[in-house]
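What follows is a short report on a single structure.
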Amino acid sequence: MTLLAAEGVTLAYGATAVVHDVSLAMDEGGVGLIGESGSGKTTLARALLGLVRPRSGVVRYGSRDLAALGRSGRAEFRRAVQPVFQDGSEALDPRMTAGASITEALTTHHRMSRAARRDRVEALLADVGLAPAIAARRPHEMSGGQRQRVAIARALAVEPRLLVLDEPTSALDVTVQARILELLERLAAEHGLGYLLITHNLGVVGRLCRTSSVLFAGRVVESGPTGELLTRPVHPYTRALRDAVPRLGGEPPATTGRTEAAPAPSGCPFRLRCPLAVDRCRDEAPLPREVEGRKVACHRAEEVLSGLPASSTSRAGGEASGAPRQ
Amino acid sequence: MSLISVRDLVVRIGDRVIASVPELDVAAGECVALVGESGSGKTTTLLATLGLVRGADVSGKITVGDVDVLAASPARLREIRGSRAALVMQSPQAALNPTMRLGTLMRRALARHGVKGAAARERAREAVRAVLLDPEILRRYPHQVSGGQAQRFAIALALALGAQVVLADEPTSALDVTVQAEVVAVLRRLRDERGLAMLLVSHDLALVSTIADRVVVMRDGAVVESGSAADVFGRPRDPYTRELIAAVPALPESAEER
Amino acid sequence: MTAPALPAFRRTPLRRLAGVDRLAVAGAVLLALIVLAALLAPWIAPYPEDGGSATHPLEALLPPSGAHWFGTDQVGRDVLSRVLFGARTSLLIAVAVLAVSGVAGVLLGVVAGYAGGWVRDVIMRVTDIFLAFPALLLSLALAVVLQPSVTTVIVAIAVTWWPWYARLTASVAASVSTRGFVDSARCLGVPAPLIVLRHVLPNSLTPVLVQLSLDGGGVILTAAALSYLGLGAHEPTPEWGLMVQQGQSLFTTDWWVVTFPGLAILLTAFAFNVLGEGLRARLSR
């Protein structure tokens, strides 16, 4: 059953829309949202958390419109959906100890005796792999990984059903990143949690998410089973993203030389960066449509799938890097 | 011949050794990467190479070109940093004067080195092209360019001044992957075509493996493993290196390439 | 004020304070001495009864001597005793003004900063209206309307003082409100008033506390000015501004009557400023 969903959500700051008509559904298990800076992914996360209201469209909690929830419905939503932000040092009040931060989460919805609170804090800290002594520390007295674990413990304190993870590991060292991802994977399995994982790192969604959506300039350009997106990406942007990820011992990442072009104001927003752009892309914005088990917003999706541009995609940039190929 | 040579470098704060590197050489046309996590001493080592470590005791011998860094006068050090060696930091935009067009910035830097007029303009355009930017960018202000463009401009600035050495501290970790790929392409090209010596600090092993010729793995201020990139990544000897490698999120191979 | 202590201070070992923050420490020590003098006035003043309505016509206008270190005034009261008792009045005014305007300004500011939107607009417009009047003029007008007294001085100054704190706090609170831990509390369902009190307020206080300590001197000067103009404390209340006013015509002949209360004003204002500057320097580092 769908726990939380965005249906045709458009989000705007003032007159500028940053997210256009995005639909996304989360249930138990992991869903990935892939996007780079400026793609609108964080704004979308804020809308799903009920922190900003959509300009149009609906965020649904279960079957109910989030914006129309009453007091008790809202409290229920707050208990069910919790965020984990990028940086534990931002997400924890710098003046509060870890114990106080977690206790705040415990006591917001329930009264608890002092002893019960202490036990719960200890249990939660143990659950995220921290010693009870951490409870007395303030954020600046902890390492980045410890802060993120405390932030996760705080989110778990209300026994949520869904976590919205906004770049939960990108501020951390690689080995710490790997441990936090393992932790999230384990917790999700143990507590039967659903989660939305927002990231720019394709390797991370590959491991944790069954389905994923790729966001470009506030629009979902491709969505479907994560494995499919990573092994057989169709949208040229998904391909560019995948090709840009450096691989251990692999070839140097491919480039287009047009990476920094701004999204096009009309037609397909990706066309100024797209190696496959044709006249139609300038005249007509592609709508997402069903193509081989996924949704793609690209006029040339079928051609890509039938193998046409394997050589003419972003690989063109290879010459620029002066790298010998194969 | 090595353009950067470090021998018996020890950086101490009080009794605590924060970086200790017995031997490190970077030759022309070579990229050496210092990898490790925060607190490993990799950035300290890079900064020490340019005499930029403050509030700590630095001992050993460091040469950049023909200059003995630890014995050099402050004026000499400034000269090295200005023209011989380019320091590329995580967020280049912060280092660019926001009130000046990029072209003006570059012209002033060149004028300080005696290059003026048409020669300076030509040098600026050539350097900008070398980092795969459109010379049109010289007319823009720092806030009008993206992070990746600013990063490449910072490299171009050093090139125009005749830098033979590039020291880069996490040059792409603030950038999107697609932009990171472009910056890496530029660095590779400069190394191959211009024979620049590069010292790269990064915690991203996958990234390092696509550009570095040799790798030095650091942990808690000490070197735990060093060798050619192929050896270190292909046959890591130290358990910590293996842990770092295992932590890199793997991407499934794409279908077409199989 | 009931505000919690500065976080940076609570965690700082004293020896570091002494080394790095000489300025702040100097200001704090000086101010502590003045407060101590005010508190102990009845015991350390050589002629405690002169702090009140006592008169000694036969001892009027004696120059400084062993018996009267600061000399005596027109009605024979010991100037040192009156300066010491005057510290009570001046500090009371300063503390009361800062507490009233600080609490009002900070509360309004923090609400405006967190709520944003029309709430912020309304609060900020009101603030702007108050700020549009020259402060001293507004205080003067108020003091004229009300009966001259110490309370009048407090009210008159506090009314012109709070908008500064409201404005400062609003801008700090607005930026604190965008931080992750505030979003995190909202996502937990913590009620807005609690978020403001628990997270936004404590994290917005630091610059206001610096400003408050910088302003202490200004309040004392303004209070002295109002009393000097006859709109504040009146005889026989010992108040520095009033003493300066009463002694100024005697400056050429009996300089001590005006000089010592004047120096007291200067020294106290200076102590507040030094403390404030010291705090600012350490917190902006």
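Here are some notes:
- Modelled spin-label separation between A:Arg64 and B:Asp68, with each label point placed 7 Å from Cα along the Cα-to-Cβ direction: 7.8 nm.
- Relative contact order for chain C: 26 percent, from Cα pairs under 8 Å spaced at least 6 residues apart, divided by residue count.
- Across A:Thr107, A:Thr199, A:Thr42, mean-square fluctuation computed from a Gaussian network of chain A (C-alpha pairs under 10 Å connected) peaks at A:Thr107.
- Dipole magnitude of segment A:239-313 about its Cα centre (Cβ charges: Lys, Arg +1; Asp, Glu -1), debye to nearest 20: 160
- Rounded D (µm²/s) - segment A:239-313, Kirkwood Rh over Cα pairs, Stokes-Einstein at 10 °C, 1.306 mPa s: 116
- Beta bridges by DSSP in the protein assembly as shown, antiparallel share as percent, to the nearest 5: 55
- Between C:Thr72 and C:Leu61, C:Leu62, C:Val79, the built amide H atoms are under 5 Å apart, and every one of these is 5 or more places off in sequence or on another chain.
- The mean number of partner chain beta-carbon atoms within 10 angstrom of a residue's beta-carbon across peptide A:86-93 is 4.
- Ordering C:Val126, A:Ser56, B:Ile245 by the projection of their Cα atoms onto the charge dipole of the protein assembly as shown, which places +1 on the Cβ of Lys and Arg and -1 on the Cβ of Asp and Glu, puts A:Ser56 at the extreme positive end.
- Proximal lysines relative to B:Lys42, as straight alpha-carbon distance under 25 Å, when same-chain residues fewer than 8 apart are discounted: B:Lys61
- Lys, Arg +1 and Asp, Glu -1 on Cβ, resulting dipole of segment A:4-214 about Cα centre, debye, nearest 20: 700
- GNM result for chain C, Cα springs below 10 Å: residue of C:Trp162, C:Trp240, C:Trp43 fluctuating most strongly: C:Trp43
- Largest mean-square fluctuation among C:Arg179, C:Arg82, C:Arg22, in a Gaussian network model of chain C whose springs join Cα atoms under 10 Å apart, belongs to C:Arg179.
- In this simple spin-label approximation, B:Arg12 and C:Leu146 carry label points 7 Å from Cα along the Cα→Cβ vector, and these lie 6.6 nm apart.
- For segment B:122-176, the square roots a ≥ b ≥ c of the C-alpha gyration tensor eigenvalues yield an a/c of 1.5 or more together with a/b not exceeding b/c, which makes the shape oblate.
- For B:Ala119 and B:Arg194, the difference between the fully extended length at 0.36 nm per residue and the C-alpha to C-alpha distance is 25.0 nm.
- For the protein assembly as shown, the Rg and Dmax computed from alpha carbons only, in angstrom: 33.6, 116
- Within chain C, the selection of entire DSSP H helices by a Cα span of 30 Å or greater along the long axis and an average Kyte-Doolittle value of at least 1.6 returns C:79-115.
- Contact order, relative form, for chain A: 18 percent (alpha carbon pairs under 8 Å, 6 or more residues apart, mean separation divided by residue count).
- Across chain B, Cα pairs under 8 Å and at least six residues apart give a relative contact order of 27 percent.
- Share of pairwise Cα separations in chain C, more than 22 Å, in percent: 63
- Per-residue mean of C-beta atoms belonging to partner chains within 10 Å, peptide A:1-13: 0
- Annotation: segment C:59-101 has a Kirkwood hydrodynamic radius of 11.4 angstrom, from the mean reciprocal C-alpha pair distance.
- Dipole magnitude for the protein assembly as shown: about 600 debye, using +1 per Lys or Arg Cβ and -1 per Asp or Glu Cβ, origin at the Cα centre.
- Cα-based reach from A:Lys41 at 20 Å (exclusive), listing lysines while leaving out same-chain residues under 8 positions away: A:Lys295
- With the convex hull drawn around the C-alpha atoms of segment A:4-214, the volume per residue stands at 122 Å³.
- Legend: helices of chain A (whole DSSP H runs) are marked when their alpha-carbon atoms reach 24 angstrom or more along the helix axis and their mean Kyte-Doolittle hydropathy is at least -0.5; marked are A:174-191.
FYI, it's all coordinate maths here, none of it is from the lab. If you're wondering where the values come from, they're calculated on a predicted model, not measured in any experiment. Reconstructed Cβ throughout: ideal geometry from the backbone, glycine too, with neighbour counts over all protein chains shown.
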